[in-house]
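Okay, structure first, notes after.
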Amino acid sequence: MDSSRSALRAVIQFLRAEGKHASQIYRRMKEVYGEQCLSRCTIFRWCQRYEIGRVNIKDLPRPGQDHIVTNSATISTVDELIRQNLQITTREIAVELPISKGTVHHIIYKTLGYGRVCAQASVRESEDGENGCLPDPAVSTLNPLTPFLRTGISVSMSFIYSSTVPHEL
């Protein structure tokens, strides 16, 4: 049986048009739909709406920010951006696409099943020991014993993502 909200509201509207009272509508729908039936107070509320002249069974638009549903096109685009640049950040993806960083994070880790498998840090040291880097700095692999608070050192982290869970788009 089709127990979508719109279908249930249409049944309420029909039975109300026949002159049935809200309590009769509730009993009848409970017999037919069982556990899928709307609650008693919801049926009474919709009966009141139809009594005052509402004819639409769909939800009315609500104020506030639109809820963007993650669809397969967005997931594919995020996956493509990561495959093009393995060092891209969630912030860069969020700027590229009109979605939040949290949504990007959810797509990467939950939907696509990517996880960090390698974090590579590199140290760039300026020639004169001052803060800042030369235009073409020498890059060396970070030694765990290298002091981070030394003047003239900047550290950048790169993350390589790997798919641990197969996904279908």
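Normalised by residue number, the volume inside the convex hull of the Cα atoms of the stretch 19-119 is 168 Å³ per residue.
Values of log10 I(q)/I(0) for the stretch 54-103 across q = 0.16 Å⁻¹ run -0.56, by the Debye formula with one identical scatterer at each alpha carbon and no solvent. Under a Cβ-Cβ cut-off of 11 Å, what is the net charge of the residues other than Ser39 that fall near it, where Lys and Arg count +1 and Asp and Glu count -1? Once positives and negatives cancel, what remains is +3. Label positions at Glu18 and His105, each projected 7 Å from the Cα along the C-beta direction, are separated by 5.2 nm.
Compactness of the stretch 3-52, taken as the C-alpha radius of gyration over 2.2 N^0.38 Å, stands at 0.98.
Each label was represented as a point 7 Å from its Cα along the Cα-to-Cβ direction; for Thr70 and Gln84 these points are 2.0 nm apart.
Here, each number is a calculation from the coordinates, and none is a lab measurement. These figures come from a predicted structure and were not determined experimentally. Note that each Cβ is placed from the backbone with ideal geometry, even for glycine, and that neighbours are counted across all protein chains shown.
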